[in-house]
1. I need to check one value: relative contact order of the chain, counting alpha carbon pairs closer than 8 Å and at least 6 residues apart, in percent.
2. Taking the Cβ-Cβ separation of ASP151 and ALA464 as r and a Förster radius of 60 Å, what is the calculated FRET efficiency to the nearest 0.05?
3. Can you give the percent of C-alpha pairs in the chain whose distance is more than 34 Å?
4. I need the Debye-formula profile for the stretch 141-197: one equal scatterer per C-alpha, no solvent, reported as log10 I(q)/I(0) at q = 0.24, 0.28 1/Å, two decimals.
5. Please grab the % of Cα pairs in the stretch 301-455 that end up more than 26 Å from each other.
6. Normalised by the number of residues in the stretch 46-359, what is the relative contact order in percent for Cα pairs under 8 Å and 6+ residues apart?
7. Whole Å is fine, so just give me how far the alpha carbon centre of the stretch 132-173 lies from that of the stretch 509-535.
8. Given bins 5 angstrom wide, list per bin the percent of all Cα-Cα distances in the stretch 209-290, short to long.
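Derivation of every value follows stated rules applied to the coordinates shown; laboratory data play no part. From a predicted model like this one, the values you see are computed outputs, not experimental measurements. Reconstructed Cβ throughout: ideal geometry from the backbone, glycine too, with neighbour counts over all protein chains shown.
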Amino acid sequence: MKNHWKRWTALATVTAVLAGIWTAVPASAASVTATVNWGSAKGSTTSYSYGLNIYKAQEGTVAADADYKNNVAYMKPGMIRYHRADQMGDSSTGSGWVKNPGASNYDWDAPKISNLLSNTFSNNPVRMINITNWPAYMDDGTGKLKTNMYDAYAAFCAKLVQIVNIDQGRNVQYWEILNEKDDIYANNIAEMATIYKKAYDAMRAKSSTIKIGGPSFARPDLTARVNTFVANAHTKLDFISYHTYTSGSTSDTNATLYNSAQGLGATTTSIKSIIASHTTRAIETFHDEYNISWNPPDGRMNNEKGMIYDALSLMSITKAGATGSMAWNESDGWYGKLEGWAPYNKRASAHLYNLFNTDMGGTIAETTNNNSTKVDIMGTFGGSWKKLALVNRAETDQTVQVSFSGWSTSIPGNTLFTVKRIYGWGVTYDSVRYDVLTSSAGYNLPSDTVTVLILDENNKTYAAAATNYIVNPKFDSGMTGWSTWALQAGDDTADYTETYGGRDGAHLTHWKNAYYGVYTYQTITGLTNGTYTLKAWVTSSGGQFESRMETKNHGGSAAFVNIPAGGWSQITIPNVNITNGQIEVGFWSKANSGNSVYIDDVELTKN
């Protein structure tokens, strides 16, 4: 229906106001472009890539708590590390493992240790026990081991292997000697290596099959320390371990934290290089503590910001080739992936560990990314399965266009990927078409989310043809379903349908043999709220003052994309957020005499 031209004064004013709040959509809307080559391997994950420290279980009756055990198992860590700084404390009064730690009759509390280790997790992770330091009786008062206690300490470590693996039959495979003693021994790392080697020999005498390592460096960035330790201990190192924490201040920006997380793999790279300079032995590498703050509390470790930090850390550490990583920690008030109190509810990072351990194992694919300060990526594959993790660290919604290569089979545009997406509040499950992922408009990634895309090439599913909600999208029925607003008297003749110069039959034309302004639009109601994509094929003579496709009155931000001069091309407004069940779509021309635009195949589909 034609609308009376006398509305032009008021509506022109409204148009001018809206022009200030509309969002312009560039021709290529994706804010990030990435590539994934399934045919090029860049390493592989291990069963230990996404592990956890076990801290809370060592308090009271927590180890036997069903909610706690179920929620740790939900995260599916392939390896867990038992560690507490107070391990050498009195077992009768706290979380310690030692009876009479300040007296000469110190000893391990075997029943207490048995109670802890008998409460296993249903996912059956491989276990590492960290022997943090030594009982107070052995300490010289400065945090160092008394020099006349070296052999006694070695025997004490060996006795724990005897208790756990021989007497109790626990088959704990990994044993870690010391925890962050490199600061105390900073001026004599060789002496720390001597202590380590004595303990190694005594423990090895108890078992030829366990793996023994350490020393859990607090400052692996101080490479001279690492070099000295490896130089002195490499013949008795089955693995080397190290820790990193990014920040001591809550005023550090999220971007600063994320940049650090994306660089954590450099620590593994450095340590591997030091090992290679001393030996050809295959010494495993464990980044077995990391988190945001060495000076808690920092609330970001408990929410979606911490989840983004963890995801970036895991990808960096894994790509660098670490044998494994273990986040600090599984459950507590400050650091935990679970809340530190019953019923031990899952925080955002708990879902991250579940998804990465479920879906992000295998060979690591070659990837590129033009802006990792917005979105970081990692692809893995195994057999017919292909998986891609997309981490939006930008704190605003982003769109990513992914170019894939190295497929084993043909992937039609309507092939569906499973989508698992983690928000601060939980996980959603959806699907996305291949042609949406690869389109120049990009695939929407909400802020502060981790998205995992999954495809089994041997069992592909396909999307049915999408519903186009536009009435008369090809203008084959003239102007049916479309309305016109005229800028001035007589401009309502500037939009009409014809077949001249068309792509496929009829199309909409904007043209007049005089200056004109015309807006052709329709309002669609009864829509399900969500994100939609608007597309149209257009060709233009160029020369207009304004020429664009628009969306508005849908509850979300109004948007437009300019119609380019030249031959037929498809333009797109992606990710149109409809929150009120309706939308107005339209085409606006403000043009000189003789300027023309043709429009055809208008398409509005739900994402």
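1. Values: 1446 pairs, mean separation 95.6, N = 607.
Normalised by residue count, the contact order of the chain is 16 percent.
2. On the way: r = 74 Å, r/R0 = 1.23.
In this case the efficiency is close to 0.20.
3. Details: 96839 of 183921 pairs.
More than 34 Å apart: 53 percent of the Cα pairs in the chain.
4. -1.00, -1.17
5. Working: 2985 of 11935 pairs.
Tail of the P(r) past 26 Å holds 25 percent of the pairs.
6. Details: 636 pairs, mean separation 64.7, N = 314.
It comes to 21 percent, rounded to a whole number.
7. That distance is 76 Å.
8. 3, 14, 26, 22, 14, 9, 6, 4, 1, 0
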